[in-house]
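Accompanying notes for the structure given below.
The values are calculated or read from the model by the stated rules, or taken from the named source; none is laboratory data. In this text, all values refer to a predicted model and were calculated from it rather than measured experimentally. Please note: Cβ atoms are built from the backbone with ideal geometry, for glycine as well, and neighbour counts cover all protein chains shown. Only protein heavy atoms, including side chains, enter the accessible area calculation; ligands, DNA and RNA are left aside. Shrake-Rupley method; radii C 1.70, N 1.55, O 1.52, S 1.80 Å.
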Amino acid sequence: MIRSVVRGFGAALPKRVMTNKEIESRVDTSDEWIVQRTGIRQRYIAGEGETSASLGEAAARAALERAGLTPDDVDLIIVATSTPDNTFPATAVNIQNRLGMRHGAAFDMQAVCSGFVYAVATADAYIRGGLSKRALVIGAETFSRLLDWTDRTTCVLFGDGAGAIVLEAQEAAGTKADRGVLTAQLRSDGAHRDKLYVDGHLRMEGREVFKHAVGMITDVIEAAFEATGTTADDIDWLVPHQANRRIIDGSAKKLGIPLEKVVVTVDLHGNTSAASIPLALDAAASDGRIKKGDLVMLEAMGGGFTWGSVLLRW
């Protein structure tokens, strides 16, 4: 059978770092409160000329370089973003043009913080269906431009950045020992749409999101285990959406995954929505934690609500 195998990975961050101390000067909060409640210590904020497309392009180029490929080798670009530079055309088409690609297909995917998981699942379906041989899957966000910087409940949480992977079609035996995407589990429930939304600025009922998060994440991870005949003991690395350290720790504990197997970057990046998983993948693969053959679980939950998981062998 055909599997979608990770050939390369990359990341890009804005130049400006905003610490909790700087936020203290803007709203009534403290570094101690932010760290205790969220685990976030800093985030990156896009400046003039830094956009979802420019950050996505930089992450894509880094992923292609690590894969030893060029834009000519790719035939599909999927960009997960809730902060496109324009309503249309798609940020993916903008990145395609920036890369000098004049072939293939490019489109955006909007599932908020679950966007990268949805995009990987979609690229995998294209590859297994024979519609693509190599896909760039990018998560790119500039959430700082949606924030109400007088709302201390939301402005402390989010940051900007982009991450990317290259997925390549490779023949495999069709067992759980294969490299590549082994299963994807996607869910949504629009009844919760008013708990996290944008009306010009981002609005969130934090307690409600937190209340649902751990159960929803556990649901899609257990479904992935059932689909592949694996267990928590088989997981080498859990790479969660980086929304809140308490949600990350609570989910790992409920699933019986040791915290030393969990990749955490929320302290460095804050919540970068669809960019958070590929940024975390880049960090852990760059420093050698994630190695070829490792079993890696991706999971996310976002506005909508949407939630999902992808189990892959690196």
- Query: In nm, to one decimal, how far is the modelled label at D189 from the one at K254, with both set 7 Å along Cα→Cβ?
  - Reply: 1.1
- Task: Measure off 7 Å from each Cα along the Cα-to-Cβ vector at E32 and D294, then give the distance between these two points in nanometres to one decimal.
- Result: 3.6
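Express the carbon and sulfur contribution to the solvent-accessible surface of the chain as a percent, rounded to the nearest whole number, probe 1.4 angstrom.
Numbers: 6070 of 12690 Å².
With neighbouring chains kept in place, the figure for the chain is 48 percent.
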- Task: Rounded to the nearest 0.05, what FRET efficiency do T153 and E226 give with R0 = 30 Å and r taken as the Cβ-Cβ distance? Could you check?
- Result: 0.25
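Can you figure out the FRET efficiency of D233 with E48, using R₀ = 41 Å and their beta-carbon distance, to the nearest 0.05?
Working: r = 49 Å, r/R0 = 1.19.
Step by step, r from the Cβ atoms, then E = 0.25.
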- Average accessible surface area per residue within the chain, 1.4 Å rolling probe, Å²: 40
- Query: What shape does the range 244-314 take by its C-alpha gyration tensor, where a ≥ b ≥ c are the square roots of the eigenvalues and a/c under 1.5 counts as rounded, a/b above b/c as prolate, and the rest as oblate?
  - Reply: rounded
- Item | Gyration tensor verdict on the range 1-145 (Cα atoms; rounded if a/c is under 1.5, prolate if a/b is larger than b/c, oblate otherwise) | prolate
- Task: Give me the net charge of D75's neighbourhood, meaning all other residues with Cβ under 13 Å from the Cβ of D75; Lys, Arg count +1, Asp, Glu -1.
- Result: 0
- Between [x] 21; [y] 13; [z] 37, the structure-derived percent of Cα pairs over 35 Å apart is [y]
- Item | Inter-label distance, nm, simple model (7 Å from Cα along the C-beta direction), K21/T87 | 4.3
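Just by accessible area at a 1.4 angstrom probe, what is the order of D219, D287 from largest to smallest? Let's see the in-between values first.
Numbers: D219 55, D287 90 Å².
Most to least solvent-accessible, the answer reads D287, D219.
Looking only at GluC sites (Glu not before Pro) in DSSP loops with at most 14 other Cβ atoms within 10 Å, what is the longest site-free stretch of the chain? Could you put the intermediate results ahead of the total?
Details: sites that count: E48, E205.
Within the chain, the longest run free of exposed GluC sites (Glu not before Pro) spans 49-204.
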- Query: Between the range 137-154 and the range 225-263, what's the alpha-carbon centroid distance in Å?
  - Reply: 26
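Starting from the Cα gyration tensor of the range 8-51, take the square roots of the eigenvalues, sort them a ≥ b ≥ c, and report rounded, prolate or oblate (rounded when a/c is under 1.5, otherwise prolate if a/b is larger than b/c, else oblate).
On the way: a/c = 4.04, a/b = 1.64, b/c = 2.46.
It is oblate, given that a/c is not under 1.5 and a/b is not larger than b/c.
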- Sorted by chain and then number, the residues having a modelled amide H within less than 5 Å of the amide H of A46, at least 5 places away or on another chain, are S144, D160
- Within the chain, excluding any trypsin sites (Lys or Arg not before Pro) found in a DSSP loop (not H, G, I, E or B) and having at most 10 other Cβ atoms within 10 Å, the longest uninterrupted segment runs 103-291
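In deg cm²/dmol and to the nearest 500, what is the mean residue ellipticity at 222 nm of the chain if only DSSP H runs of at least 4 residues count, each as -39500 (n - 2.57), divided by the residue total?
Details: 9 runs with 100 residues, N = 314.
Result for the chain: -9500 deg cm²/dmol, rounded to the nearest 500.
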- Task: Do me a favour and compute the ellipsoid semi-axes for the range 102-146 from its Cα gyration tensor, root of five times each eigenvalue, largest one first, whole Å.
- Result: 23, 13, 7
- Query: Across the chain, how many lysine pairs separated by 8 or more positions, or lying on different chains, have Cα atoms within less than 22 Å?
  - Reply: 11
- Hey, in the GNM for the chain with a 10 angstrom Cα cutoff, which one of D160, D28, D85 fluctuates hardest? D28
